[in-house]
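Peer 1: Before I ask anything, let me first share the structure, which is written out below as structure tokens.
Values in this text are rule-based calculations from the coordinates and carry no lab data. Please read these numbers as outputs of a predicted model, since none were measured by experiment. Cβ sites come from the backbone with ideal geometry, for glycine too, and all protein chains shown count toward neighbours.
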Amino acid sequence: MRNFRENACAALFLICVLFGSPTNRLYSQSNRADGFASVNALGRNGTTGGAGGTVVTVTTTAQFLDYIKRTGSYIIQVNGTMSLSGMENVKSDKTIVGVDSTGVITGGGLNLSSASNLIIRNLLFKNSSDDAVNVEDGAHHVWVDHCDFTGAFDGLVDVKRGADYVTVSWNKFTAHQKTCLLGHDDNNAAQDAGHLRVTYHHNWFNGTTERHPRVRFSALAHVYNNYYIGNSYGVASTMNAEVLVESNYFKSVRNPTFVGYDASGPGDLVERNNVYDNCPNPPQVRGEVPAPPYTYSVDQAANVAALVAGNAGRAGFKFIPATSPQWRVYSASVLPNKNSPVFLESNVTNPPDTASWIIDDSQIAGNKLLKFIDAVQTNGKFMWGNNWGMDANIGVTFAFRVKPIDRTVYQRIFEVEFRDGALRERMFVLNDGMIRLDRAAVAQTLPSGFDDWHTYRITYKNGVANIYLNEAPTAFLAGTTTSANSTNDVRFGDGSDGNTHGFLLDWFIFDVSGAFAPNQSKIPDSLFVDKTSTQVAEHASLATPAVYALEQNYPNPFNPMTKIEFQLPKSGRVKIAVYNAMGQWVATLLDQNMERGSHAIAFDAGSLPTGIYLYRIEAADFTQVKKMLLVR
């Protein structure tokens, strides 16, 4: 039954009363999608774009086209004008974002067809020979945010042919006729009905003529807090579409809303709390519509004109990379060339028998180590590398846990070399306990425990390297390199014939979303940092648990991140799901085979309202439920 549920409305009103409706929209430049793009559906837990993937900056059209068509996760920063000859397809898991005010797409547009998890931000689209952005053929989880649009031949942002879960927010649309089409045509019900769920909020429709949006068949088009000025009409609901229009500001708009348009039959449209300033004709309404399935805060319509005019579009927008770590973890239980993405073997002479590399940790039950050693103890050169695609202006964080095998045999204990496409640096640990940044020509001796395990965290940005020992908050060694290079990778092993492969490696991780000191990001709890020689006590949780257990989440209460730990006495399939206080499913955090041992999983409740939630584990014949409290 289609209705706007009063209880949902009341709950939303209560949230707004308790927590307010912000007037400073700094959160609008957040890295978190909202509206329909945030909904967990169709195998996607919201829209994250290229988060956690490779960060690249493109300055030519050829580079731009190369990266948008690649498979995998990429954050593509556009610096300059990309001149397209037509509609160009974009593959899934991409963030395409302009650098400051330099990113321009002209001549053609972006075709988001049969793809998902896409973010388009901070770009100027102009003079397209077709559409500027076209979302179609089942594409879903798309977020178009803080862009400027003008002068396309056809639509500026069109969503059609079964596309779903889209948010269009904080954009400025100027001097155009057919602005935002939602639904292909009147004969496309078979593909569109039950889909086309789109949120339009805080957009500025500045002198555009029509389609803001024009809606067919949509399961729900949610249109709120937009600024309309000088338009022929605002929103049209047709062909049984469901449209909610709330708290918008319509100024000098001939027809704020239509029910039915041209030859298209009517849809449902509910309007509420809108401002109609100098609008000749009253809004048209019909029927009832469902409530949006997400939480949102509504600004008062009287404030929308100034708020949106001052903040929509790309003006003043700065791309801020994610400040939470996006670790890629490489465990010693997997050979380097079997990881995903793999480490590449290069410059190898007298390589060891890699089948014997993975060994049991004699001190920690269940833990595995990689044994880097030349079996014949010669000066053979052996190295592993990974092209990590870091951006020199953003920086990288990487960390690893290592221990020497026999420092009386090897000249250097180990070497790691890191390159950002412009500069390079190398860190050596020598057999006398000295740590050296080779290119910066600075060194420091380990304070104690040379033969123990140590964790090294290295941050690198624009040639500046900092080394943190055992996660101490102050850098143990720092230096700046001016040594030029043209590659973008990390190399681990022996890159300089220094006989350095005489060490044990527990794990290696890296994060190309920034250069983070220990107090700015945390190494995953599944990896352990040794600050003393009492490794067995610190790693006690790695021992095989005797019973199944679900621990209390921490922190609790939380906002919006929390950690859930659980223990498995044997391997098997594990499912962890979250429910609200009414027992309704909210999210599935885990549903896969897991090895025996102690595990932890993160829960991000950023799109959920304050309240009590339940989390439940199912493993073999074991089930358990615990409560947690989200406070916003």
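Peer 1: If you count, for each residue, the other Cβ atoms within 10 Å and average over each peptide, how do 297-306, 469-478 line up from highest to lowest?
Peer 2: Top of the packing list down: 297-306, 469-478.
Peer 1: Determine, for each peptide in 545-557, 421-433, 221-233, the mean count of other beta carbons within 10 angstrom over its residues, then list the peptides with the highest first.
Peer 2: Per-residue Cβ counts within 10 Å, averaged per peptide and sorted highest first, yield 221-233, 421-433, 545-557.
Peer 1: Now for a separate question. Got a sec? How would Arg328, Arg161 order by Cβ neighbour count within 10 Å, fewest to most?
Peer 2: Least crowded to most crowded, the residues run Arg328, Arg161.
Peer 1: Could you state the per residue volume, in Å³, of the convex hull enclosing the Cα atoms of segment 159-285?
Peer 2: Spread over its residues, the Cα hull of segment 159-285 gives 79 Å³ apiece.
Peer 1: In debye to the nearest 20, how big a dipole does segment 549-630 give about its Cα centre with +1 on each Lys and Arg Cβ and -1 on each Asp and Glu Cβ?
Peer 2: Charge dipole, segment 549-630, about its Cα centre: 100 debye, nearest 20.
Peer 1: Excluding residues fewer than 8 places away in the same chain, name every one of the lysines whose C-alpha is closer than 17 Å to that of Lys126.
Peer 2: The qualifying lysines are Lys172, Lys178.
Peer 1: Can you list the HN-Hα couplings for segment 567-575, worked out from phi with the Karplus curve (6.51, -1.76, 1.60; θ = phi - 60°), rounded to whole Hz and with x for Gly and Pro?
Peer 2: Result, rounded to whole Hz: 10, 10, x, 8, 6, x, 6, 10, 10.
Peer 1: OK, next. Once the convex hull of the C-alpha atoms of segment 425-477 is built, how many Å³ does it hold per residue, rounded to a whole number?
Peer 2: Convex hull of Cα atoms, per residue: 74 Å³.
Peer 1: For the pairs Lys160/Lys251; Lys94/Lys563; Lys368/Lys403, note any where the Cα-Cα span goes beyond 18 Å.
Peer 2: As for pairs spanning more than 18 Å Cα to Cα, those are Lys160/Lys251; Lys94/Lys563.
Peer 1: Using a Cα-Cα cut-off of under 15 Å, which aspartates and glutamates could be cross-linked to Lys91, ignoring same-chain neighbours fewer than 8 residues away?
Peer 2: Asp66, Glu136, Asp137
Peer 1: Rounding to the nearest 20 debye, state how big the charge dipole of segment 229-287 is about its Cα centre with +1 on each Lys and Arg Cβ and -1 on each Asp and Glu Cβ.
Peer 2: Once rounded to the nearest 20, the dipole reads 140 debye.
Peer 1: Here is a further query. Give, to the nearest whole percent, the P(r) tail of segment 44-154 beyond 25 angstrom, counting all Cα pairs.
Peer 2: Summing the P(r) of segment 44-154 above 25 Å gives 9 percent of all pairs.
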